[in-house]
Amino acid sequence: MRWTTEQLATFKRDGVLFVEGLFSPQEVTRLNDELPRVLARKGPENLTERSSNSIRSAIAPHHSSELFRRLSRHPRIIEPAAQCLGGPVYLHQFKINTKNAHDGEIWHWHQDYRTWFEDDGMPEPNVINAALFLDDVTEFNGPTMFVPGTHKLGMIPSDKNFNRIPEYGRLAEDAVGSPYSNETIDRLVKKHGLLAPKGPAGSVVFFHGCTLHGSAPNMSPWDRTIVFWSPNRTDNKITAPTRPNFLALQDFDAVEALADDCLLMA
Ligand code: SIN
Ligand code: MN
C-alpha cells in the first residue's frame, strides 16, 4: 500500500498524517485479544506507570508474540514508511503504550529524534513513526497532540537546565520530563497550532521523528492503547546504542512486508 500524492504532500507540510480506519475491526479485535498475554510478561520490557502498577509501555511485543511479530511487518505501515523515507526500512523501536483509564500518565513534550540521536547515535533526523489505535481515541482519553510543521525545525535545542540522567530500563522519552521550557512550547504552539488526531480503533497517525508531540494523562474511564512503530532507513542505522536492544532495536535488516491479510491468517 502506498500513500497518494495528496497524503505525501500533507505529511511533508505537517509532519503528521492521519489515516482513519486503516485496520479493520476484525484485525483490531485479534490484536486486542492477544494484548493481555503481552501485558502479562514479566521482565524489563514491560514498564509500569510511576504512581501505579498499571502498564505504561510494553516494549518489543514482536519478540514474544507471533501476532505482534506479523503486525511489526505489516505492509500498510512498512510500505508507506519506505515510500516516505525513500528507501528500505528496519524498525528502530516497536512498542505498545496502554495509557490506561484513570491512571495513564503524561507524556511530556518531546521530539523522538532527540533521544535517538543522543542515546542511540542515529545519524540523521530522517525517520518516522506510525501509531495504530487499538481503542477509540477521543478528546477524553489523552490523545497524542502534535505541533504541525515542527519536523522542519530539525532537532530543537533544549532551552532549560535539562540535566539528562537517563534511566535506562525506562523509555528515555519519559524519564526526565520535557527538555523544553513552557516559553518555548508557548511560542511553538502559538505559531504552528496543534493537531490531536482522534478516531475509531484501527486508525493510524504517521508522524515524523522531529514532530514535537506529547499527551495529557488519561483521567477518563476509557483505555487508550496505541501501538507505535519507528521505521528508520537501513542506511541511517544507529551507531552508538547505549540502551538495551529491546528499546533500541538492533536488527538492521530491511523489513520485508508480509501479506496484507497477515493478521487474519491462522
Ligand atoms: C510517545 O511519544 O512515545 C508516546 C505518546 C503517547 O503515547 O501519547
Ligand atoms: Mn514520542
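The values are calculated or read from the model by the stated rules, or taken from the named source; none is laboratory data. Since this is a predicted model, take the numbers as computed values, not measurements. Positions of Cβ are backbone-derived with ideal geometry, glycine not excepted, and every protein chain shown enters the neighbour counts. Protein only, heavy atoms only, side chains kept; ligands, DNA and RNA dropped before computing areas. Shrake-Rupley method; radii C 1.70, N 1.55, O 1.52, S 1.80 Å.
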Out of (1) among the small types (Gly, Ala, Ser); (2) away from ligand 1 (no atom under 14 Å from the Cβ); (3) modelled with pLDDT of 95 or more, the one SER230 does not meet is (2)
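For (1) at negative phi; (2) of a type outside the set (D, E, K, R); (3) away from ligand 1 (no atom under 14 Å from the Cβ); (4) out of contact with any helix residue (DSSP H, G or I) (no Cβ under 7 Å at 6 or more places or on another chain), each residue gets a yes or a no:
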{"residue": "PHE94", "(1), (2), (3), (4)": "yes, yes, no, no"}
{"residue": "LYS99", "(1), (2), (3), (4)": "no, no, no, yes"}
{"residue": "TYR113", "(1), (2), (3), (4)": "yes, yes, no, yes"}
{"residue": "MET122", "(1), (2), (3), (4)": "yes, yes, yes, no"}
{"residue": "VAL127", "(1), (2), (3), (4)": "yes, yes, no, no"}
{"residue": "ASP135", "(1), (2), (3), (4)": "yes, no, no, yes"}
{"residue": "ASN141", "(1), (2), (3), (4)": "yes, yes, no, yes"}
Out of all the residues in segment 40-62, which are open to solvent by less than 40 Å² (accessible area, probe 1.4 Å) and of a type in the set (Val, Ile, Thr)? ILE55, ILE59
If a residue must be over 11 Å from ARG224 (Cβ atoms) and within 14 Å of ligand 2 (Cβ to nearest atom), how many such residues does segment 132-154 contain? 5
Pairs where the first residue, in segment 143-156, is at positive phi and the second is open to solvent by 20 Å² or more (accessible area, probe 1.4 Å), C-beta under 8 Å, 6+ apart: GLY149/ARG13; GLY149/ASP14; GLY149/HIS192; GLY154/PRO125
Which number in (1) open to solvent by 40 Å² or more (accessible area, probe 1.4 Å); (2) modelled with pLDDT of 95 or more; (3) under 19 Å from ALA58 (Cβ atoms) marks the one condition that GLU167 misses? (2)
Scanning segment 126-158 residue by residue, those at pLDDT below 95 and of a type outside the set (A, V, I, L, M) turn out to be ASN126, PRO157, SER158
Could you tell me whether segment 16-39 includes any residue that is within 23 Å of HIS213 (Cβ to Cβ), touching a residue at least 60 places away in the same chain (Cβ under 8 Å), assigned to a strand (DSSP E or B) and open to solvent by 20 Å² or more (accessible area, probe 1.4 Å)? yes
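Considering only segment 116-126, state which residues are surrounded by 24 or more Cβ atoms within 10 Å (Cβ to Cβ) and in contact with a Pro (Cβ under 9 Å, 6 or more places away or on another chain). Quick ask: steps written out before the conclusion?
Of the residues in segment 116-126, the ones surrounded by 24 or more Cβ atoms within 10 Å (Cβ to Cβ) are 116, 122.
Hit for segment 116-126 is TRP116, nothing else.
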When the residues of segment 76-90 are filtered to those that are surrounded by 21 or more Cβ atoms within 10 Å (Cβ to Cβ) and within 15 Å of the chain's Cα centre (by Cα), which remaining residue is farthest from ligand 1 (Cβ to nearest atom)? ILE78
